[in-house]
Each structure stands twice: as structure tokens, then as C-alpha cells.
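Report on the following structure.
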Amino acid sequence: MSASAAAVPQMGRARGFLRVVMIEHSVFALPFAYIASLTAMFVEEERIDWWRLLLVTVAMVGLRTFAMACNRIIDREIDARNPRTASRELVTGAVSVRSAWTGALIAVVFFLGAAALLNPLCLALAPIAVVPMVVYPYGKRFTDFPHAILGLAQAMGPVGAWLAVTGEWSWDAVILGLAVGVWIGGFDLIFACQDVAADRAHGVKSTPARFGIPAALYGARVCHAITTALLVWYALATHAGVFFWTGLVVVAGAFLYEHAIVRPGDLSRLNRAFFTVNGFIGIALFVCALLDLLVRGLSPA
């Protein structure tokens, strides 16, 4: 470790690591894990188990943090060649690779610890959840569809959250997981459109780089139409009430808005579509799902 790195206060390193993993982006997947957890609690005992909910939160944030750290570490050379990502902390040296690996290992220990405290099945399946998180960064080196690997990784969240509560397999959770995976894979297609020139120049694989921006945006629309259909299926399977259905209407409207503001010839509002709209979708559906469960009899006590 260099003297300058050693001189950085520990809190400064922690803040730097949190910037690397973009901890605030947990808003994308965490709400759906909560929907699965709370629905499972409603089905089981009609009350919120706050301890389990806390462990689900630790597990989700821990695994996502590990995944983002691995992604940034593995991709740092690719990031250095892309003007959009050349200022990232691991590229500039603001955060060392050693610090990033340390943070990643701490995060995965929290994930495995939470899984162990939840139930034996969660602990047994935990290593399986780790695999796609490590494979995804390499995906752009061997396939034009790394977005599908990301979707698969994210689809495991609701399934794992349901298992955390019941210790049993649930096809309802699989439906919700597929909805999340297809949704995230779809908006990753949109996000990747901004890197087409850099990806083609440096041999980085992605659907937009291989097939073009119009095809990628069309694929994203198809993904989000499938997501909507899967959420409708989930609502029917879990006998959701009026609040959840209201949330689905809001989500469908958000999808329409997202695809209206991003066009092949105009990517100027891509960040609004990616960050703002998709963050809103997760939070809005969670709030509606929570209200629905409370009205149907889920007890906070």
C-alpha cells in the first residue's frame, strides 16, 4: 500500500467504496425482495417478522454490494478506455483495487451470514446466487447478451427472499423473480445504448453494439411488455387486491413514459429513463403492494 493510500482516513475509504458500488442503486431490486418477503409472511402468518425482514435486507444489500464491487474491479481496464467511465474511482486510483476487494469480501460475508441465520436452505443455495454476480462482468467479453446474465442474477432476489421467510420453494416467487429479471435486463439494454461507440471500438460485446440502438430499444420495449404481463400473472397468482392492481397501472404508465423519452436518435434523456423512472417503478410498486397487504390483513405486530 502506498503512503498516500495509507494516509486516507478509514471513513474516507468507506465512502469511496460506497461510491464504487453505487449503494443507492439498491432501490432497483430491494423493493421486489420486500414484496416477496411480505407476501410470504402474509401467506404464512399474516404478520411481519421484522427480524427476517432485516436479514433479507442485509443479504440483498450484501450480495448486491459484492456484485457491484466485482463488476467494477473486473471491468476497470474496460472502464479506463470509455470516456463515460474513465473517471470511476478504481480507474483514477481514488479507491485501490485492494480496498475494493476487501469491501467485496466483507459484503459477501454479510450475505452468507444473513443466509445462515435465515434457514439452512438459504445457506445451502447462497453460493449459487453468487455465481452469476461474478460471471456477469465477464459476459461482455464472450456474448452479445450480457444483459440476460444480469437479468438472471437479479431474478434470484425475490425467489431468495421468499425462501428466506418460508424455507420452501414458491412458483409465485419465481413469477415475480422473472418479472424483475426481464425488467432489469430490459433497462440495461437502454443503458448500454450510450456506450455503443466505445464498445465497438474496443471489442466490448453488448446487444446495442452488435445489433444497433434501434434494435436494442425495441428489445427493451418487448422486455417491459413481458415484465408487465408477468406482474399481472403474479397479481392473479397471489390474489392481489385493488392497491396492487393500481400499482401495476402506475408501472405500465412509467414504462410508456420511459420508452417515449428515449429514442434511437435522441439519448439525451437516457439517464432520466434509467435512474429516475426505474427507481420510481420499484418504489411505487412496493408501496402499492405494502398497502394492499396491510388492507388484506397483514399485521405489523
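The values are calculated or read from the model by the stated rules, or taken from the named source; none is laboratory data. Bear in mind the structure is a predicted one, so any value in this text is a computation, not a measurement. FYI the Cβ positions are ideal-geometry reconstructions off the backbone, even for glycines, and counts take in every protein chain you see.
Is it the case that the range 249-256 has a residue that's surrounded by fewer than 16 Cβ atoms within 10 Å (Cβ to Cβ), under 23 Å from Asp292 (Cα atoms), touching a residue at least 40 places away in the same chain (Cβ under 8 Å) and of a type outside the set (A, V, I, L, M)? No, because not a single residue in the range 249-256 is surrounded by fewer than 16 Cβ atoms within 10 Å (Cβ to Cβ), under 23 Å from Asp292 (Cα atoms), touching a residue at least 40 places away in the same chain (Cβ under 8 Å) and of a type outside the set (A, V, I, L, M).
Any chance the range 88-102 includes a residue that's surrounded by fewer than 20 Cβ atoms within 10 Å (Cβ to Cβ), closer than 23 Å to Trp183 by Cβ and under 23 Å from the mean Cα position of the chain (by Cα)? The answer is no, given that none of the residues of the range 88-102 is surrounded by fewer than 20 Cβ atoms within 10 Å (Cβ to Cβ), closer than 23 Å to Trp183 by Cβ and under 23 Å from the mean Cα position of the chain (by Cα).
Against the numbered list (1) without any contact (Cβ under 8 Å) to a residue 60 or more places away in the chain; (2) out of contact with any Leu (no Cβ under 6 Å at 6 or more places or on another chain), Leu178 comes up short only at (2).
Restricting attention to the range 214-272 and to residues that are assigned to a loop (DSSP other than H, G, I, E, B) and not hydrophobic (A, V, I, L, M, F, W, C), the residue that is nearest to Leu178 (Cα to Cα) turns out to be Thr238. Within the range 1-10, at least one residue is surrounded by fewer than 18 Cβ atoms within 10 Å (Cβ to Cβ), in contact with a Lys or Arg (Cβ under 8 Å, 6 or more places away or on another chain), modelled with pLDDT under 95 and hydrophobic (A, V, I, L, M, F, W, C).
Those residues that are part of a helix (DSSP H, G or I) and buried (at least 17 other Cβ atoms within 10 Å of the Cβ), I need them from the range 113-134; list them, please.
Ala114, Ala115, Leu118, Cys122, Ala126, Ala129, Val130, Pro132, Met133 - these are the residues of the range 113-134 that are part of a helix (DSSP H, G or I) and buried (at least 17 other Cβ atoms within 10 Å of the Cβ).
Only one of the numbered conditions (1) touching a Leu at 6+ places or on another chain (Cβ under 7 Å); (2) outside any helix (DSSP H, G or I) is violated by Ala94, and that is (1). Against the definition (of a type in the set (A, V, I, L, M), surrounded by 15 or more Cβ atoms within 10 Å (Cβ to Cβ) and closer than 20 Å to Tyr34 by Cα), how does Leu293 come out, yes or no? Spelling it out, Leu293 is indeed of a type in the set (A, V, I, L, M), surrounded by 15 or more Cβ atoms within 10 Å (Cβ to Cβ) and closer than 20 Å to Tyr34 by Cα. Contact map, the range 72-88: residues that are among the charged types (D, E, K, R) paired with residues that are assigned to a helix (DSSP H, G or I) and exposed (fewer than 15 other Cβ atoms within 10 Å of the Cβ), Cβ distance under 6 Å, separation 6+ or inter-chain. Pairs shown: Arg81/His202.
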